[in-house]
Amino acid sequence: MTESNKWKSKLLSSSVPMEYEVAQLLVSNGFSVDSEFSYSRNDAGVLKDFSIDLLATQYITSDIDNILAVTELLVECKYRHYNNIWLFFEDTNEGEMSPFTLGHTIRAIDDFSWKFFPANCTTSFDEAATFCMKGVEIDTSNGNVYDSEIKHGLMQLQYGLPRLITDRVGFEIKHPENENNPFFFCPILLTTSRILVANPGTSIRMVEKADSLDDFSKPKPWVVVHSDLTPDFERHRQMECKSLSMLVHDEWVKVLDAERAAKGEYEFLLPSKRCAALSDPPGRKLFEFFSQTIICSLEHFPTLLKEIQKVTKLGANSYVSQKNIRVL
């Protein structure tokens, strides 16, 4: 690249053109977009502001334009050089031993609403997903292998979720039945890199014998990864969700508690209990809210959006009159 064209590389590396392209794509698919979704985090004893590139919101409506539900996507964009590839390794656990849970990627949250989604209404997305335990970035031009950008992107998204939930719950829970909406949310890490997943049975020997990454891996449009809830994250979650503690004994929330209990809701999932769990000191880890993230290649993002919209629209159009058993 000539000296006069260095600006081009640096501009692309800023991810701003990528963010703008993604924002346009989201708007063309019926979302509204806010840039720089911010949250506060304790960093070495100092409270600092961090941000995620995009918050996309879509209102799912009925045929007569009544709002049925809200979908919110947190999107972090990572522009990478065309030589870079993201290689992931599938979860090796089987069945109930896996940390992944069907339905925890596109979260369907009706806990603070007068309405009930059908049981496990988003599990179909996860049934078709590739669950991965770890990923690395490989620069095929110089052979460097690292994971810092992937880890940083996942952490940014995870730490942004408590504020997202707090804002949405605080907005919806005080509305009367005809104005209160359940919601879906999902964090997405977008990359310009190609995504590969190592074949089952990949070993050190197979990598040593390989001439290229394609010898032991296959391309995927997106994968789902699991992030643990660390002690630092749990403290952050409590801090970001602390305003929900004021709703625990609210008279209006007690009315909603009684309504949902009468329709078969589990006691620990009543609105006041969920507000307490989100705002209390670390106790039972809330994996259903904070653990699973989609990592998607930019070229496949339009397809991913269609899949998310298909699943959420079906769930929003299939309300049930009372509680059904759900996977937690």
Check your understanding: Top mean-square fluctuation among ASN144, ASN29, ASN120, Gaussian network model of the chain, C-alpha springs under 10 Å?
Key -> ASN144
Review point. For CYS275, what is the net charge nearby, where nearby means another residue's Cβ is under 11 Å from its Cβ and Lys, Arg count +1, Asp, Glu -1?
Key: -1
Point to revise | Protection proxy ranking, peptides 198-206, 279-287, average beta carbon neighbours within 10 Å, highest first | key: 279-287, 198-206
Review point. Given segment 232-292, what whole percent of its Cα pairs are spread farther than 19 Å?
Key: 33 percent
Review point. Which whole-number percent is the relative contact order of the chain (Cα, under 8 Å, 6+ apart)?
Key: 23 percent
Exercise for review: Distance check, please: which entries in LYS8/LYS218; LYS242/LYS310; LYS78/LYS218 exceed 25 angstrom between their Cα atoms?
Suggested key: LYS8/LYS218; LYS242/LYS310
Point to revise | Stretch in the chain that is longest and holds no GluC sites (Glu not before Pro) that DSSP places in a loop and that have at most 12 other beta carbons within 10 Å | key: 180-328
Check your understanding: So what is the relative contact order for segment 92-204, in percent, with contacts set as C-alpha pairs under 8 Å and at least six apart?
Key -> 33 percent
Revision key, fill the gap. In whole Hz, the Karplus estimates of ³J(HN,Hα) for segment 27-34 (6.51, -1.76, 1.60; θ = phi - 60°; x where Gly or Pro) are 4, 5, 9, x, 9, 9, 10, 10
Check your understanding: What is the mean projected area of the alpha carbon convex hull for the chain, to one decimal in square nanometres?
Key -> 18.9 nm²
Point to revise | For segment 238-260 and segment 157-228, distance of Cα centres in Å | key: 29 Å
Point to revise | Rg ratio (alpha-carbon, reference 2.2 N^0.38 Å) - segment 212-328 | key: 1.41
Point to revise | Vicinal HN-Hα couplings computed from phi for segment 253-260 (Karplus, 6.51 cos²θ - 1.76 cosθ + 1.60; Hz; Gly/Pro x) | key: 5, 4, 5, 5, 3, 4, 5, 6
Check your understanding: Using only helices, what value at 222 nm comes out for the chain when you add -39,500 (n - 2.57) per DSSP H run of length 4 or more and divide by the total residues, to the nearest 500 deg cm²/dmol?
Key -> -10000 deg cm²/dmol
**Study point:** Residue-by-residue Karplus 3J(HN,Hα) for segment 147-164, coefficients 6.51, -1.76, 1.60, Hz, glycine and proline x
**Key:** 10, 5, 5, 5, 4, 5, x, 5, 5, 3, 5, 4, 6, x, 5, x, 5, 4
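Just so you know, all these numbers are worked out from the coordinates, no wet-lab data involved. Keep in mind that this is a model prediction, so the values were computed, not measured. Note that each Cβ is placed from the backbone with ideal geometry, even for glycine, and that neighbours are counted across all protein chains shown.
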